[in-house]
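Q: Would you mind keeping the following structure in view while I ask a few things?
The values are calculated or read from the model by the stated rules, or taken from the named source; none is laboratory data. Source: prediction; values computed, not measured. In this analysis, Cβ positions are derived from the backbone assuming ideal geometry, glycine residues included, and neighbour counts consider all displayed protein chains.
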Amino acid sequence: MSTAPPIYWDPFDREIAADPYPVYRRMRAEQPLFYNEKHDFYALTRWSDIDQALVDWGALSSSRGPILELIQANIEIPPGTLLMEDPPTHDIYRRLLARVFTPRRVIELEPEIRDYAKRCLDRLDGVDNFDMMTEFANEVPMRVIGMLLGIPEADQQRVRDRADARLRTEPGEQMQVKESALMDTEMFSEYIDWRADHPSDDLMTELINAEFEDEHGVRRTLRREEILTYVTVLAGAGNETTARLIGWLVALLDRHPDQRASLVADRSLIPNAIEEALRFEPTGHAIARYVTRDLEFHGTKVPEGSAMMLIVASANRDDERFDDADRFDVHRRIDRHMTFGRGVHHCLGNALARLEGRIALDEILQRYSAWDVDWDRAALSSTSTMRGWETLPITIRRK
């Protein structure tokens, strides 16, 4: 007779978040459709289920947001919030941003991103002990997004801090969702107004001038509030997720020194190491969807109006998809993972995140062949949407 405790997964439980993978493993095997009675949501954990769910935007909608608290708050979503829209409106607005994130334009950013990375590490020359998150991982994405948006360097820290603060929660508690504070757009108002009179080669200028045909067939430019929404979404998404990716790269290579030695010896492995880190430790563990009609999974009905959590971090560790899925291996052949989503809402900035991760890791390994994380002082961030390092103190090992 089994003595294992009942399966329980809670996205707000910090103890579970410290290492959720054993829970995910049990959920995949024993309860592939899980219901959390306390917070009233369903969750899917297997690759095959999530792979199909992510593309079925008609039944599993983004129109109320990709975060559980937003869905359950049932508040009005501002127009132009790509993460919170479905086709055909979503497709119209996404095409505007797709102009900026073409592969060619992303690759053209490499020299400037590398310069930012070098400058951050130059400040640490000769320093043996520092917090990787504060001194490097948070800095590079902030500078890159600031450059893309046209925000002066002197203001970029303030913008990032305000964007990050909206995601923070108290341990064990949900994000406090208020309609008036859903999008803190006012921090960008002065930049938008200034850019309207002083155009430049940046995203704000592109959005101000972009002409398109909206969902009503009207040819127009974006309204001011739509531009503010676009910019606010990009500032938050581009900062938090990429910073956490860089933190996970440093943490994982400390925990797997043999993999780090492989990368030091052969830097051509870095792009694949980025993919393996994204698979193994995704920055966002679950994507929420609103159920628009009655569905059935594994013999259980999921009623219309429910909230569904798609646990992509579990799918990425599904042994039905990946051999020895709980093993971190920079040599692993990966055709795809779930970290950037799938279907119409596949992350538009994925190429930029990969580029930043590749450059960051390359520059780190250029200077440091080994380091030790002070795990007693390292701390995971307290958010219900992201899982990554808030602080990651390291000591450089000198030859």
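Q: Return only the number of the condition from (1) more than 19 Å from the chain's Cα centre (by Cα); (2) modelled with pLDDT under 95 that Asp318 does not satisfy.
A: (2)
Q: Identify the residue in the range 88-124 that is in a loop (DSSP other than H, G, I, E, B) and touching a Lys or Arg at 6+ places or on another chain (Cβ under 9 Å) and, among all such residues, is surrounded by the fewest Cβ atoms within 10 Å (Cβ to Cβ).
A: Arg99
Q: Right, next: If you check Thr300, Thr241, which single one turns out to be closer than 30 Å to Ala29 by Cβ and under 27 Å from the mean Cα position of the chain (by Cα)?
A: Every option except Thr241 fails the conditions.
Q: Which residue, of Arg267, Arg327, Arg333, is over 18 Å from Met386 (Cα atoms), surrounded by fewer than 23 Cβ atoms within 10 Å (Cβ to Cβ), in contact with a helix residue (DSSP H, G or I) (Cβ under 9 Å, 6 or more places away or on another chain) and modelled with pLDDT under 95?
A: Arg333
Q: Name the pairs whose Cβ atoms lie under 6 Å apart, with the first residue in the range 1-26 and assigned to a loop (DSSP other than H, G, I, E, B), the second of a type in the set (Gly, Ala, Ser) and surrounded by fewer than 17 Cβ atoms within 10 Å (Cβ to Cβ), and 6 or more positions between them or separate chains?
A: Correct list of pairs: Phe12/Gly172.
Here's the yes/no breakdown for (1) small (Gly, Ala, Ser); (2) more than 24 Å from Arg279 (Cβ to Cβ); (3) out of contact with any Pro (no Cβ under 9 Å at 6 or more places or on another chain):
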position: Phe34; (1), (2), (3): no, no, yes
position: Asp40; (1), (2), (3): no, yes, yes
position: Arg46; (1), (2), (3): no, no, no
position: Ile67; (1), (2), (3): no, no, yes
position: Asp86; (1), (2), (3): no, yes, yes
position: His90; (1), (2), (3): no, yes, yes
position: Leu97; (1), (2), (3): no, yes, yes
position: Phe101; (1), (2), (3): no, no, yes
position: Ile107; (1), (2), (3): no, no, yes
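Q: Filter the range 37-51 down to the residues that are in contact (Cβ under 8 Å) with a residue 40 or more places away in the chain and either among the charged types (D, E, K, R) or closer than 14 Å to Ala286 by Cα (or both) and list them by number.
A: Selection gives Asp40, Phe41, Tyr42, Ala43, Leu44, Thr45, Arg46, Trp47, Asp49, Ile50, Asp51.
Q: I need the full set of residues from the range 307-363 which are more than 29 Å from Met147 (Cα to Cα), in contact with a Leu (Cβ under 8 Å, 6 or more places away or on another chain) and of a type in the set (Gly, Ala, Ser), in order please.
A: Ala307
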